[in-house]
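The values are calculated or read from the model by the stated rules, or taken from the named source; none is laboratory data. These numbers come from a predicted model, not from an experiment. Virtual Cβ from ideal backbone geometry, glycine too; neighbours counted across all protein chains shown.
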Amino acid sequence: MRPVLEITNLNVGFPDGTAAVRGVSLQVMPGETHCVVGESGCGKSVTALSVMNLLPRGARRSADVMRFHDHDLTRMADRHIARLRGDKMAMIFQEPMTSLNPAYTIGSQMAEVLERHRHVSRAKGLDRAAELLGKVGITAPGMRLGQYPHQLSGGLRQRVMIAMALMCDPELLIADEPTTALDVTVQAQILRLLKSLQQQLGLALLLITHDLGVVARMAQRVSVMYAGQVVESADAKALFAAPAHPYTRGLLDCVPIPGKTAPGEPLGSIPGVVPRIGEGYVGCAFRDRCAYAAPACKGEIPRNRLSPDHETICTRSGA
Amino acid sequence: MRKFLLRRAILAVMVMLTVLVVAFALTRLSGDLAVSIAGPNATAEDVVTIRKNYGLDRPLPAQFVDWAVAAASGDLGRSYLYRAPVWGLIKERLPITVCLGLIGLGFALATAIPLGILAAMREGTLLDRAIGSVTLIGQAMPSFWLGLLLIITFGLKLQWLPISGVDTWDGYVMPGIVLAFSAIPALLRLTRSGMIEALSSDYIRTARAKGLSTSSIVLKHALRNAAMPVVSVAAVQLGFMLGGSIVIETVFALHGVGYLAWESISKNDFPVVQAVVLVLATIYVGLTLLADMMNAVLDPRLRGG
Amino acid sequence: MNPRSISTSLGLLIVGGVLAIALGADLLAPHDPFAQDLSQRMIPPRWMDGGTPDHLFGTDQLGRDYLSRLIFGARISLLIGTLTVVTSGLIGTTLGVVGGYFGGRTDDAVMFAITCRPAIPLILVALTVVALIGSSLTVVVLTLGLLLWERFAVVARTTTMQIRNLDYVAAARAAGASTAHILIREILPNILTHLIVVATLEMALAILLEAALSFLGLGVPPPLPSWGLMIAEGKDYMFFSPWVIMVPGIALFILVFGINLLGDGMRDLLGVSARR
């Protein structure tokens, strides 16, 4: 089976010299949920935005391979990628409160996706919108179509965003921290919704999150990012069972994982902050915060393959 | 929304009352209006007669109340010079001034909005700076001088356009351009900053994620949100342009309300001056009210409340 | 050097240059700006046909040296600009600070005044006042000063509201400082940068308005060499000798352009926003 999305050696730099993403490789298989997890500022959102070609102006993106199905995204002009966005690949964002245009109704904003990519009438677009609003669990979808974003709660708006992303039956859905801005109870509902939609529709889901709890519930595959690099990637089960990179272990110690953390067990923390990485940075970016730091960590860091689908970059090979 | 507009309407009425007081006080500034009307060659008896004839010998509050009540009911008094009702004089000339103002606003919007959008889309580039210098030039250009330059160039040297009057439609072109120049800087700046803000917003990222075309993103999604302050300022600018028409109409010899006012000022015809102040202020207040209503239509959040 | 600082420097250079010319007018002007010589009327500038080395910018319809009038005109523009801004600045800042500091009904009244001001047609009212009281430099300054205060008031009000609740103001209040002391010693110095930016931009406006009033014959009285008045006097001759309106017009444009450049530069430098 061929991956829906395949990225090899993605690099993104910003005009201020920051290397936001350094050599990231990942694959998303059809129907699979791939979680990218890491602290804020680790480059996970930038990775997601690179796929959609939605990086802020001035950002430079390069990759050996960045393929969505048969489309070579590295070679396509933005107006061609725009034909895929909202159609075959869709994205939802962290801030449901501001992600919808305050000046237009829900229905109009949803219908225009179908009008753009399928060239159908407004009426057909609205029918489809109503159908999807129902599917994402919004009651009285017909009434919602005529409402404006400010009349909806945050949870409802995120449901609208999800429904809008599904207008053209995408094969890949990128969700950038879709639940971070929501109340805890709403978070659980949205995650459940995403999971059931994914199973129903056979979506490939690239889920960006900082929350390992979310990862544990959703992911089949996980890429752990730190300072612009994927420091460990593995099957979700393998990762939780045997985290190899000290950073992954640190992350896991910080949060209680349902069914894995015993009650009363103290939680850990990772001291220090993520360093700012410029271009040409050499060595392990985690070494200043790492309990196992050694002189070798200042040099080139080897890539270790622990099993066919478990990789890590660390000087402690097989750690 | 009704509550919002009602508050605005009450405010507008209060502003108008204040303007009435100012317009009245204005002509009483010199101390003795009768002396001003009579002119330098008048005898003491002339002044006394004038004072009596125009009711200037009565207490000020009484004069004000009479005048204000009459003005509010549409009677703006009689011109000393034309010996005719002031409202008639103004009504005759208002179409020229309003026409000029609308043409000026049209030119200004047609220039400022596309340039503002372009500058916002290319923020920080050479093009953005070039457009920014248009703003600076517009701000520094004395409008009467620009008018004279245009008259020399297009009226006299090239003979493309008439140098005065509006007997034909092309008489409006040069004064319209001059008037537009004064409004372009504010409108351009506002369009640019509004568009920069809108284009960097989350909903524009969503629109791009939906794969919409650039024109739809810029013109439908961003401009709609940047338009609200532009509407308010456009209304205010139209008000200022009508007020500034006194200079333009004098330069181009257009017989509109501004020219009438200038003529009346130089000939001490103060009922006319007072009335023009009042009419222009009323139009200005009406325009701001109109802008509030348009914003209420444009912004669904205002519509709800 | 980035483009921003280039334009700010240019503004500074222009304003500084005009200021130097205005201050040194007595030394710089080659002729008496008021001396008429009817035998020397309408001599074109030196570089044009019929120009003479004695009159660099030529002479006007009364045979007065144009360069000398231009030099003394700089004095009038800057004087009126400065005095107007001082007047309107005092009015606007007082209203704004009082409204912003006390809030409540006081602030409502200030806000109402700010709302009313633009409803009054500026040039029309200024012309009327000058016509009634008589044209003089003082009358022009006071009239414009009374009409141009609202941007000072808006900026002073919002900035005062922002710092009213800051710790050091609260500390001064807790220490028993009088209201007047707080307003003048604590608030005013901290909103001054904003006010200076407003003052610069308003000065440009005041100079343009003075020129317009003088152009319409109700600004500074002749024979004072106001640039606006020079344009008005040259208007009748502009068809045959366009330079009579070009010379003062360009001077006016450059000065206002320079002041605006300086104002914009200072605004960026100080990080304040004071635009309409």
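Given the residues C:Val129, C:Val139, C:Val110, which is the only one that is within 22 Å of C:Thr193 (Cα to Cα) and assigned to a helix (DSSP H, G or I)?
C:Val110
State whether one or more residues within the stretch C:85-106 are at pLDDT 90 or above, aromatic (Phe, Trp, Tyr) and buried (at least 23 other Cβ atoms within 10 Å of the Cβ).
Scanning the stretch C:85-106 turns up no residue that is at pLDDT 90 or above, aromatic (Phe, Trp, Tyr) and buried (at least 23 other Cβ atoms within 10 Å of the Cβ).
So for the stretch B:283-296 (the condition being in a helix (DSSP H, G or I), facing another protein chain (nearest Cβ under 10 Å) and at pLDDT below 90), does at least one residue qualify?
No, the conditions are met nowhere in the stretch B:283-296.
List the number of the failed condition for B:Lys267; all other conditions in (1) modelled with pLDDT of 90 or more; (2) farther than 30 Å from B:Val134 by Cβ; (3) of a type in the set (D, E, K, R) hold.
Unmet for B:Lys267, out of (1) modelled with pLDDT of 90 or more; (2) farther than 30 Å from B:Val134 by Cβ; (3) of a type in the set (D, E, K, R): (1).
Can you name the residue in the stretch B:251-280 that is closer than 20 Å to C:Asp236 by Cα and of a type outside the set (Ser, Thr, Tyr) and, of all such residues, is nearest to the other protein chains (Cβ to nearest Cβ)?
Within the stretch B:251-280, the first condition is being closer than 20 Å to C:Asp236 by Cα, and the residues that meet it are B:251-255, B:259, B:262-263, B:266.
Narrowing the set further to residues that are of a type outside the set (Ser, Thr, Tyr) leaves B:251-255, B:262-263.
Values: B:Val251: 9, B:Phe252: 12, B:Ala253: 12, B:Leu254: 14, B:His255: 16, B:Trp262: 6, B:Glu263: 11 Å.
Checked the stretch B:251-280; the qualifying residue nearest to the other protein chains (Cβ to nearest Cβ) is B:Trp262.
Listed here are the residues, each with its yes/no results for (1) of a type in the set (A, V, I, L, M, F, W, C); (2) modelled with pLDDT of 90 or more.
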| site | (1), (2) |
| --- | --- |
| C:Phe112 | yes, yes |
| C:Leu142 | yes, yes |
| C:Leu148 | yes, yes |
| C:Arg164 | no, no |
| C:Ala170 | yes, no |
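Output the residue which, of all residues in the stretch B:71-101 that are exposed (fewer than 15 other Cβ atoms within 10 Å of the Cβ) and modelled with pLDDT of 85 or more, is farthest from B:Val166 (Cα to Cα).
Filtering first and then ranking leaves B:Ala84.
Which is within 14 Å of chain B (Cβ to nearest Cβ) and under 23 Å from C:Leu270 (Cβ atoms), of C:Arg117, C:Arg151?
Details: C:Arg117 fails: under 23 Å from C:Leu270 (Cβ atoms).
Just one listed residue meets the conditions, C:Arg151.
Only one residue in A:Val186, A:Val214, A:Val222 is in a strand (DSSP E or B) and away from chain B (no Cβ under 14 Å), so which one is that? Step through it out loud before you land on a result.
Numbers: A:Val186 fails: in a strand (DSSP E or B); A:Val214 fails: in a strand (DSSP E or B).
Answer to the selection: A:Val222.
Quick one: in the stretch B:1-15, of everything that is in contact with a helix residue (DSSP H, G or I) (Cβ under 6 Å, 6 or more places away or on another chain) and among the hydrophobic types (A, V, I, L, M, F, W, C), which residue is surrounded by the most Cβ atoms within 10 Å (Cβ to Cβ)? Working first, answer last.
Residues of the stretch B:1-15 in contact with a helix residue (DSSP H, G or I) (Cβ under 6 Å, 6 or more places away or on another chain): B:1, B:8, B:12, B:15.
Retained after the next criterion (residues that are among the hydrophobic types (A, V, I, L, M, F, W, C)): B:1, B:12, B:15.
Details: B:Met1: 14, B:Ala12: 19, B:Val15: 23.
Ranking the qualifying residues of the stretch B:1-15, first place goes to B:Val15.
Being part of a loop (DSSP other than H, G, I, E, B), of a type outside the set (A, V, I, L, M) and more than 13 Å from chain C (Cβ to nearest Cβ), is that true of even one residue in the stretch B:117-140?
Yes: one or more hits.
If I ask for residues that are within 19 Å of A:His150 (Cβ to Cβ) and of a type in the set (Phe, Trp, Tyr), which ones from the stretch B:194-247 would you list?
Of everything in the stretch B:194-247, just one residue is within 19 Å of A:His150 (Cβ to Cβ) and of a type in the set (Phe, Trp, Tyr), namely B:Tyr203.
Could you tell me which of the residues B:Phe144, B:Phe154 is within 19 Å of the chain's Cα centre (by Cα), outside any loop (DSSP other than H, G, I, E, B), more than 14 Å from chain A (Cβ to nearest Cβ) and among the aromatic types (Phe, Trp, Tyr)?
After applying the criteria, what remains is B:Phe144.
For the stretch C:92-102, state whether one or more residues are in a helix (DSSP H, G or I) and under 16 Å from C:Val141 (Cβ atoms). Spell out the reasoning first.
Restricting attention to the stretch C:92-102, the residues satisfying the condition of being in a helix (DSSP H, G or I) are C:92-102.
Of the ones still in play, those that are also under 16 Å from C:Val141 (Cβ atoms) are C:92.
Looking for residues that are in a helix (DSSP H, G or I) and under 16 Å from C:Val141 (Cβ atoms), one finds at least one in the stretch C:92-102, hence yes.
Which residue, of B:Thr206, B:Thr191, is touching a Gly at 6+ places or on another chain (Cβ under 7 Å) and either part of a helix (DSSP H, G or I) or crowded, with 24+ Cβ neighbours inside 10 Å (or both)? Working first, answer last.
Values: B:Thr206 fails: touching a Gly at 6+ places or on another chain (Cβ under 7 Å).
Checking each option against the conditions leaves just B:Thr191.
Report yes if some residue within the stretch A:95-108 is in a helix (DSSP H, G or I), within 13 Å of chain B (Cβ to nearest Cβ), crowded, with 24+ Cβ neighbours inside 10 Å and modelled with pLDDT of 90 or more; otherwise report no.
Yes, some residue in the stretch A:95-108 is in a helix (DSSP H, G or I), within 13 Å of chain B (Cβ to nearest Cβ), crowded, with 24+ Cβ neighbours inside 10 Å and modelled with pLDDT of 90 or more.
Look at the stretch A:84-132 and say how many of its residues are charged (D, E, K, R) and in contact (Cβ under 8 Å) with a residue 24 or more places away in the chain. Before you say what the answer is, go through the steps one by one.
If we filter the stretch A:84-132 for residues that are charged (D, E, K, R), which is where we start, we get A:85, A:87-88, A:95, A:112, A:115-116, A:118, A:122, A:124, A:127-128, A:131.
From what's left, in contact (Cβ under 8 Å) with a residue 24 or more places away in the chain: A:85, A:87-88, A:95, A:116, A:118, A:128.
Within the stretch A:84-132, residues that are charged (D, E, K, R) and in contact (Cβ under 8 Å) with a residue 24 or more places away in the chain number 7.
I need a count of the residues in the stretch A:112-143 that are away from chain B (no Cβ under 11 Å), under 30 Å from A:Ile81 (Cβ atoms) and not in a loop (DSSP other than H, G, I, E, B).
Number satisfying all stated conditions: 14.
Could you check the stretch A:57-73 and list, in sequence order, the residues that are more than 14 Å from A:Lys88 (Cα to Cα) and either touching a Cys at 6+ places or on another chain (Cβ under 9 Å) or touching a residue at least 12 places away in the same chain (Cβ under 8 Å) (or both)?
A:Gly58, A:Ala59, A:Arg60, A:Arg61, A:Ser62, A:Ala63, A:Asp64, A:Val65, A:Met66
Could you check the stretch A:41-78 and list, in sequence order, the residues that are assigned to a loop (DSSP other than H, G, I, E, B) and either β-branched (Val, Ile, Thr) or at positive phi (or both)?
Going residue by residue through the stretch A:41-78, those that are assigned to a loop (DSSP other than H, G, I, E, B) are A:41-43, A:53-59, A:63-64, A:69-70, A:73-77.
Of everything in the stretch A:41-78, those that are assigned to a loop (DSSP other than H, G, I, E, B) and either β-branched (Val, Ile, Thr) or at positive phi (or both) turn out to be A:Gly41, A:Gly43, A:Asn53, A:Gly58, A:His69, A:Thr74.
Got a number for residues in the stretch C:196-217 being farther than 13 Å from C:Leu78 by Cα and facing chain B (nearest Cβ under 8 Å)?
4
Could you check how many residues of the stretch A:6-56 are among the basic types (Lys, Arg), over 16 Å from the mean Cα position of the chain (by Cα) and under 24 Å from A:Glu95 (Cα atoms)? Spell out the reasoning first.
Restricting attention to the stretch A:6-56, the residues satisfying the condition of being among the basic types (Lys, Arg) are A:22, A:44.
In the following step, the residues that additionally are over 16 Å from the mean Cα position of the chain (by Cα) were identified as A:22.
Subset that is under 24 Å from A:Glu95 (Cα atoms): none.
Total meeting the criteria: 0.
Suppose we filter C:Val256, C:Val247, C:Val220 for residues that are under 17 Å from the mean Cα position of the chain (by Cα) and more than 10 Å from chain B (Cβ to nearest Cβ); which single one remains? I'd like the intermediate steps shown before the answer.
Working: C:Val256 fails: more than 10 Å from chain B (Cβ to nearest Cβ); C:Val247 fails: under 17 Å from the mean Cα position of the chain (by Cα).
Criteria check complete, one pass: C:Val220.
Enumerate the pairs (first residue in the stretch A:246-261 and within 17 Å of A:Val231 (Cα to Cα) and assigned to a helix (DSSP H, G or I); second residue anywhere and at pLDDT 70 or above and basic (Lys, Arg)) with beta-carbon separation below 9 Å, excluding pairs fewer than 6 apart on the same chain, so at least 6 apart or on different chains.
Once the first residue is within 17 Å of A:Val231 (Cα to Cα) and assigned to a helix (DSSP H, G or I) and sits in the stretch A:246-261, its partners that are at pLDDT 70 or above and basic (Lys, Arg) give A:Pro246/A:Arg289; A:Pro246/A:Arg316; A:Tyr247/A:Arg289; A:Gly250/A:Arg289.
Suppose we filter A:Val184, A:Val224, A:Val136 for residues that are out of contact with any Asp or Glu (no Cβ under 7 Å at 6 or more places or on another chain) and surrounded by 20 or more Cβ atoms within 10 Å (Cβ to Cβ); which single one remains?
Values: A:Val184 fails: surrounded by 20 or more Cβ atoms within 10 Å (Cβ to Cβ); A:Val224 fails: out of contact with any Asp or Glu (no Cβ under 7 Å at 6 or more places or on another chain).
Exactly one of A:Val184, A:Val224, A:Val136 is out of contact with any Asp or Glu (no Cβ under 7 Å at 6 or more places or on another chain) and surrounded by 20 or more Cβ atoms within 10 Å (Cβ to Cβ), namely A:Val136.
Of all the residues that make up the stretch A:276-303, how many are buried (at least 18 other Cβ atoms within 10 Å of the Cβ) and under 24 Å from the mean Cα position of the chain (by Cα)?
So the count comes out to 4.
Just to be sure I understand, how many residues within the stretch C:212-240 are small (Gly, Ala, Ser) and either in contact with a strand residue (DSSP E or B) (Cβ under 7 Å, 6 or more places away or on another chain) or assigned to a loop (DSSP other than H, G, I, E, B) (or both)?
The first filter runs over the stretch C:212-240 and keeps only residues small (Gly, Ala, Ser), leaving C:212, C:214, C:217, C:219, C:226, C:228, C:232, C:234.
If we keep only those that are either in contact with a strand residue (DSSP E or B) (Cβ under 7 Å, 6 or more places away or on another chain) or assigned to a loop (DSSP other than H, G, I, E, B) (or both) as well, we get C:217, C:219, C:226.
Result for the stretch C:212-240: 3.
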